[in-house]
Amino acid sequence: MGKLNKKSQEILFIIKCSIKSDANEFRKWANDRAAKYVFDLKEGKTISYEWYLSDDNTEATLVESFIDSDGAMQRLNNHMSSPIAEEVIKHVDFKEWLVFGNSKQDLIDVLTPFGAIFNKHHCGFNNNSK
């Protein structure tokens, strides 16, 4: 069980998007291409990479979690050099990028131009944390 108010280093991205490609095409791409590509990278500090869809299939939310800010940077660096980077913009328009956790300055510098909103960890507990 997690400890109450333990300092957390985890980073969480919540990226809200509108789907601009055909909904079936997006679902196939997210499942067979994007998720598989990131999974196969086996990034040591990536905890999760999960897409969620609205009931009407017009919006998607990508939720990613990382052990720490360095893990989030590794994911971003790998993304920028991947074929997925260009594919993403064919399928979605970014609406909002929320970052939760104690981000290091390099992560803040990379995501600020994308309009990311940063939220520092304050308190609570996480039973999934080590």
Residue selected from segment 71-128 under the condition of a type in the set (Gly, Ala, Ser) and surrounded by 15 or more Cβ atoms within 10 Å (Cβ to Cβ), by the criterion nearest to THR58 (Cα to Cα): ALA116
Matching residues, segment 38-83, being aromatic (Phe, Trp, Tyr) and either under 25 Å from GLN105 (Cα atoms) or modelled with pLDDT under 95 (or both): TYR49, PHE66
Hey, GLN74 free of Cβ contacts under 8 Å to residues at least 24 places away in the same chain, within 30 Å of LEU4 (Cβ to Cβ) and of a type in the set (S, T, N, Q) or not: no
Output for segment 102-117, where each listed residue is in contact with a Phe, Trp or Tyr (Cβ under 8 Å, 6 or more places away or on another chain) and at pLDDT 95 or above: SER103, ILE108, LEU111, GLY115, ALA116, ILE117
The listed residue being touching a helix residue (DSSP H, G or I) at 6+ places or on another chain (Cβ under 9 Å), among the charged types (D, E, K, R) and either closer than 16 Å to HIS91 by Cα or outside any helix (DSSP H, G or I) (or both), out of ARG75, ARG33, ARG27: ARG33
Only listed residue being surrounded by 15 or more Cβ atoms within 10 Å (Cβ to Cβ) and more than 13 Å from the chain's Cα centre (by Cα), chosen from LEU53, LEU62: LEU53
Residue check for SER103: under 24 Å from HIS122 (Cα atoms), in contact (Cβ under 8 Å) with a residue 40 or more places away in the chain and not in a strand (DSSP E or B): yes
Test set (1) exposed (fewer than 15 other Cβ atoms within 10 Å of the Cβ); (2) more than 11 Å from the chain's Cα centre (by Cα) - ASP68 fails condition number: (1)
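The values are calculated or read from the model by the stated rules, or taken from the named source; none is laboratory data. None of these values were measured; they are calculated from a predicted model. A quick note on method: Cβ atoms are made from the backbone with ideal geometry, for glycine too, and the neighbour counts reach across all protein chains shown.
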